[in-house]
Amino acid sequence: MRHVRRWVRNVVRRIPVVGESRVLPVLRSWYDRLPGLDRRRKKYARSEARRLLKILELGSRRFTVVFDCEVTGLAYGDLLHVLGVARFLECRGGVVAFVFVETEGPHFLGEMDQVEIDRFIDDAMEIAKTILSSDRSSVQRISPEELVPLLGAVDRRGILFAEFTTNRRPYYRDAFNVFNQLMATLDVESRGSVLFGSDDFEAYVPEALPRSTYITWHCRYSTRWDQGRQIYDDEFATAYHALRKGFPGREIVIISDVVGCRHYAEIATKLDLGGLWFSKDFSSSFLGDCALIMGSEHFFCYRGGGILEVPFMSSMSFEIIAPVMNETMWDSRRLGCWQSSSQRWLNVPRWRSKGELSELLARGEVLTAPPLGGVR
């Protein structure tokens with residue numbers, strides 16, 4: 001079946017002007033609507049995971065992971081999924097060359113201009129260097145013209161998603177599912193060495209911190225794209241009061257970017273919601289926000305953005321209420337195979353109905369008061 005899809009894709013790509021830009025996306029959309037999408041995604045993820053494991057079993061240790069910015073969503077969540085696979089390979093003794101391929105604006109994600117693209121790549125490289133082991137991995141940035149010579153100089157077997165990478169096609173939609181399959185092969189102790197921990201972000205712990213006992217609450221805000229992932233005024237108030245009840249005596253730190261912190265601070269003032277802290281009062285970077293999250297007792301998020309992947313891909317206590325997009329649930333209750341009883345991901349529809357959070361709360365499905373410390 002994969003050979004048939006590859007043949008159809010190659011034929012369509014040869015159609016002048018509209019083949020790849022218009023016809024191919026329509027065909028992909030139709031294909032995704034066919035029954036059994038999750039089953040197909042899991043099957044492909046298992047095949048790629050088995051391929052990587054086989055390479056390790058044969059004694060090969062060198063891997064190449066390419067984050068191609070021309071075809072990949074320039075988003076933190078996508079980046080963290082790919083980095084998760086790289087961390088797994090490190091854990092199993094692999095040596096990883098993590099490569100960022102530059103691109104020219106505007107980018108398909110939100111029409112990002114060149115300044116924004118370069119800023120993201122610089123930030124992503126810093127994140128990769130922080131998250132990966134300097135002893136086992138290298139991080140570099142290359143031009144598109146340098147990609148073919150680079151891939152020709154390395155062992156093709158060790159290229160993550162080799163077919164996608166060499167043909168410059170996006171694989172980020174499958175990265176998390178492969179990571180999930182790989183993590184399932186490890187015991188609990190080994191999983192802990194792959195999952196994110198507070199030590200990973202120790203260098204970015206803000207000098208001025210809220211009191212030692214605090215929880216973090218991620219609130220995304222964007223006026224440019226995917227506005228359905230932000231939290232509205234009534235939902236903000238609902239979540240605030242539930243968190244106050246569930247974590248008495250704890251400070252609440254809102255995790256967001258500069259624009260988001262300003263926006264939600266204005267909402268808090270308007271609604272007279274006191275006792276909130278905002279991450280940009282302490283941290284000036286994504287990694288600083290990660291350090292704040294990993295130093296907290298519990299993480300909460302309603303919908304939100306890519307930074308939620310940091311606590312999710314960790315062993316800390318969390319409650320995340322968000323739609324599952326390209327990922328597939330591990331089972332009926334867990335998105336990640338490693339999730340413990342103190343870690344909850346509630347899958348909700350991509351398009352929310354009015355009053356969704358209040359209804360979930362009324363049914364006791366979310367924000368039920370956990371014991372101190374956030375362990376349910």
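Assorted remarks:
- Qualifying positions in region 230-259 - under 18 Å from residue 303 (Cβ atoms), in contact with a strand residue (DSSP E or B) (Cβ under 8 Å, 6 or more places away or on another chain) and assigned to a helix (DSSP H, G or I): 235, 239, 240, 243
- A Cβ distance below 8 Å, combined with a sequence gap of six or more or placement on separate chains, defines the contacts here; from region 150-173, residues that are in contact (Cβ under 8 Å) with a residue 40 or more places away in the chain and in the same structural domain as residue 82 (by TED's automatic domain parsing) reach residues that are in a loop (DSSP other than H, G, I, E, B) and of a type in the set (Gly, Ala, Ser) in the pairs 155/60; 157/60; 158/60; 170/73; 172/73.
- Answer residue from region 188-231, given it is in contact with a Phe, Trp or Tyr (Cβ under 6 Å, 6 or more places away or on another chain) and of a type outside the set (A, V, I, L, M, F, W, C) and is surrounded by the most Cβ atoms within 10 Å (Cβ to Cβ) among those: 216
- Hey, residue 142 assigned by TED's automatic domain parsing to the domain that holds residue 165, touching a helix residue (DSSP H, G or I) at 6+ places or on another chain (Cβ under 8 Å) and closer than 30 Å to residue 190 by Cβ or not: no
- Helices (runs of 4 or more DSSP H) contained entirely in region 1-116, each with at least 1 residues that are at pLDDT 75 or above: 37-57, 76-91
- Scanning region 355-376 for residues that are among the charged types (D, E, K, R) and at pLDDT 90 or above yields 356, 359, 363, 365.
- The single condition from (1) under 27 Å from residue 205 (Cβ atoms); (2) among the aliphatic types (A, V, I, L, M); (3) out of contact with any helix residue (DSSP H, G or I) (no Cβ under 9 Å at 6 or more places or on another chain) that residue 316 fails is (3).
- The test for being within 16 Å of the chain's Cα centre (by Cα) and either of a type in the set (Gly, Ala, Ser) or more than 20 Å from residue 163 (Cβ to Cβ) (or both) does not hold for residue 61.
- Listing of strands (runs of 3 or more DSSP E) fully contained in region 279-376 that carry 2 or more residues being among the β-branched types (Val, Ile, Thr) and closer than 24 Å to residue 253 by Cα: 318-322
- Test for residue 227: is it at pLDDT 95 or above and of a type in the set (S, T, N, Q): no
- Looking across region 81-106, just one residue is over 13 Å from residue 65 (Cβ atoms) and either in contact (Cβ under 8 Å) with a residue 60 or more places away in the chain or within 19 Å of the chain's Cα centre (by Cα) (or both), and that is 91.
- Only residues that are aliphatic (A, V, I, L, M) and out of contact with any strand residue (DSSP E or B) (no Cβ under 6 Å at 6 or more places or on another chain) were counted across region 308-326, and they come to 3.
- Matching residues in region 317-334 - criterion: being crowded, with 22+ Cβ neighbours inside 10 Å and out of contact with any Leu (no Cβ under 6 Å at 6 or more places or on another chain): 317, 318, 319, 327
- Residue count, region 122-156 (criterion: surrounded by fewer than 14 Cβ atoms within 10 Å (Cβ to Cβ), of a type in the set (A, V, I, L, M) and under 18 Å from residue 71 (Cα atoms)): 1
A quick yes/no check of all residues on (1) over 23 Å from the mean Cα position of the chain (by Cα); (2) closer than 28 Å to residue 73 by Cβ; (3) at pLDDT below 95; (4) of a type in the set (Asp, Glu):
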residue	(1), (2), (3), (4)
178	no, yes, no, no
183	no, yes, no, no
205	no, no, yes, no
217	no, yes, no, no
221	no, yes, yes, no
247	yes, no, yes, no
255	no, yes, no, no
287	no, yes, no, no
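The values are calculated or read from the model by the stated rules, or taken from the named source; none is laboratory data. What you see is a predicted model; the values in this text were computed from it and never measured. Cβ coordinates were reconstructed from backbone atoms using ideal geometry, including for glycine residues, and neighbour counts include every protein chain displayed.
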